[in-house]
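Presented below is the structure to which this report refers.
The values are calculated or read from the model by the stated rules, or taken from the named source; none is laboratory data. Just so you know, these numbers come straight off a predicted model, no measurement behind them. Glycine also receives a Cβ, built like all others from the backbone with ideal geometry; neighbour counts cover every protein chain displayed. Heavy atoms of the whole protein, side chains included, go into the accessibility calculation; ligands, DNA and RNA do not. Shrake-Rupley method; radii C 1.70, N 1.55, O 1.52, S 1.80 Å.
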Amino acid sequence: MRSRQRMFAAVMRLLLKCLRLGRRRRFKLVRQAEQLWHYGHLCLRSLLYNSFTNGDVVLDSLFEPIYWLVDHVTRWFGVVFVALVIGLTSSIVAIVYICLLPLILQTYTPAWICWHLVYGHWNLIMIVFHYYMAITTSPGHPPQAKNDLTGISICRKCIAPKPARTHHCSICNRCVLKMDHHCPWLNNCVGHYNHRYFFSFCLFMTMGCIYCSISGWEMFRDAYAAIERMKLLEKERLQVAANQTYYQTPPPTFSFRQRAFHKSVVYLWVLCSSVALALGALTLWHAALITRGETSIERHINRKERQRLQKKGKVSTARSTGAGWRRARCDVPLLILQVFRNPYSYGSWDNWKVFLGVDSPRHWITRVLLPSPHLPHGTGLSWDLPPCVTEQHAPLLAI
C-alpha cells in the first residue's frame, strides 16, 4: 500500500515538474519573440528616422516616380505642346479672318469696325511677339567658372557655383537664374530673362480669348441654334426619304459652307472660353506672385522659412508688409515680434515696375503697351537695389 502511494506521489511530482518546465520554456519563447519584435522595430525606425521628416517630405517621396516621369516625358513632348499652341492659335485667327471679319465689315458701324480692327490686331501682335520671345530667349544660366559673388552656393547636381534665386531644372539639366518653373507650352524654362515675356503672353492671350468670347457670344448662340436646326431638318429629311422611293438621295437642306461656318463659330467660342478660364487663373496666380516679388519656387521656400521661424518664436504670425511689431500690445522683445518678409520684395507697385522694366512714365507705353525686347534689371547674378525703386525698406528677416 505504501509502495503504491510512493509511486503515485513520484508520478505526480514528475508530472508537475514537466508542466513547470514546459511553462518556463513557453514563457521563454514568448519573451524571445517579443525581444525579436522590439529589436526589429527599433532597427526599422533607426533606418527610416529623420528629425526633418514631415507630411510634405512623405508626400514628395510618394510622388517621386511621378516627378521622374514628368521630367522625362516633358522633355520630349515640349515640341508637341508648342506645335499645339501654334496650331490652335492659327486656327482661331483663320476663323476670324475667313468667317467673322467679312460679317463684321458688312453689319457693324464704322466706329465698331475701327475698334475691332485696331484692338484685334494689336492684341494679336502682342501675343505673337511675346510668345516668340518667350520661346527663343534663354532664361539665363550662371557661369560655370568660380566668381566672387557674395552669398553664393554650390549646386549639388551641376557641381558649379549657384547665385541667389538660382535653381536647378531637372528637365533642362541646368541651373536657371531666378527660375520660376519649366513651361512645357514654351519648351523652355521661365527665368530671369524671359519671365516678363511669359507673363505678358499669358496676359494678352487671356485678354484675346475674353475679347473673342464676349464679341462672339451672339454669333455663338445663332450658330448653335442653326446647328440644332440642321440636325432636326436632316432627321426629317431622312424620314421622308425612307418613306418615298428615290433613285438618289435628296440634296441636303444646308450647304457645306453654311455648316462649316456655324461649326467654326461654335469651335471658336468654346475654345476661347475654355482657354480664358484656365489661362486666366494661371495669369492671376502669377500676378499675385509678382506683386509679392516672388517666383513659384520662392513662394514655397518662403512659406517653409516662415513656418520654421514661427516655430522658433522669431517672427509673429501676423502678415504685414510694414512694421507689424507696432500692433503688438505686449512686452516681448522686438526680435520675436518681427514680421517675415520676402528679401526681394520692394513693395507691390515697385515690384511691378522692376518686373516690367519701367524706369520712367513713358515706358508704360513703349515697354508695356507696345512690343519691347528690353532686358530686365540686373544680370541675375546679384540683386542690388534697382534704380526705379522709390525707397529702401528696413532690413528683412529672411534668407
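Comparison of Ser264, Ser274 shows that the only residue that is within 19 Å of Ile98 (Cβ to Cβ), modelled with pLDDT of 75 or more, hydroxyl-bearing (Ser, Thr, Tyr) and open to solvent by less than 90 Å² (accessible area, probe 1.4 Å) is Ser264. Cβ-Cβ distances below 8 Å connect the following pairs, each with a first residue in region 333-350 that is on the phi > 0 side of the Ramachandran plot, a second residue that is of a type in the set (Ser, Thr, Tyr) and at pLDDT below 50, and a separation of six or more residues or different chains: Gly347/Thr321. For region 84-106, the set of residues classified as over 20 Å from Arg259 (Cα atoms), open to solvent by 50 Å² or more (accessible area, probe 1.4 Å) and among the hydroxyl-bearing types (Ser, Thr, Tyr) consists of Ser90 only.
Specify the residue that is farthest from Met179 (Cα to Cα); the eligible residues are those in region 342-390 that are among the aromatic types (Phe, Trp, Tyr) and assigned to a helix (DSSP H, G or I). Full working, then the answer.
Filtering region 342-390 for residues among the aromatic types (Phe, Trp, Tyr) gives 344, 346, 349, 352, 355, 364, 383.
Of the ones still in play, those that are also assigned to a helix (DSSP H, G or I) are 349, 352, 355, 364.
Values: Trp349: 22, Trp352: 17, Phe355: 14, Trp364: 25 Å.
Only one residue fits best here, namely Trp364.
Among the numbered conditions (1) touching a residue at least 60 places away in the same chain (Cβ under 8 Å); (2) open to solvent by less than 40 Å² (accessible area, probe 1.4 Å); (3) more than 24 Å from Leu356 (Cβ to Cβ), the only one that Phe254 does not meet is (1). Residues considered: Arg25, Arg6, Arg75, Arg20. Of these, the only one that is in a helix (DSSP H, G or I), at pLDDT 70 or above and over 29 Å from the mean Cα position of the chain (by Cα) is Arg6. Does Ala83 satisfy the criteria of being without any contact (Cβ under 8 Å) to a residue 24 or more places away in the chain, farther than 27 Å from Arg196 by Cβ and assigned to a helix (DSSP H, G or I)? So Ala83 does not fit the description; no. Within region 178-197, can you find the residues that are part of a loop (DSSP other than H, G, I, E, B) and not acidic (Asp, Glu)? Correct list: Lys178, Met179, Pro184, Trp185, Leu186, Asn187, Gly191, His192, Tyr193, Asn194.
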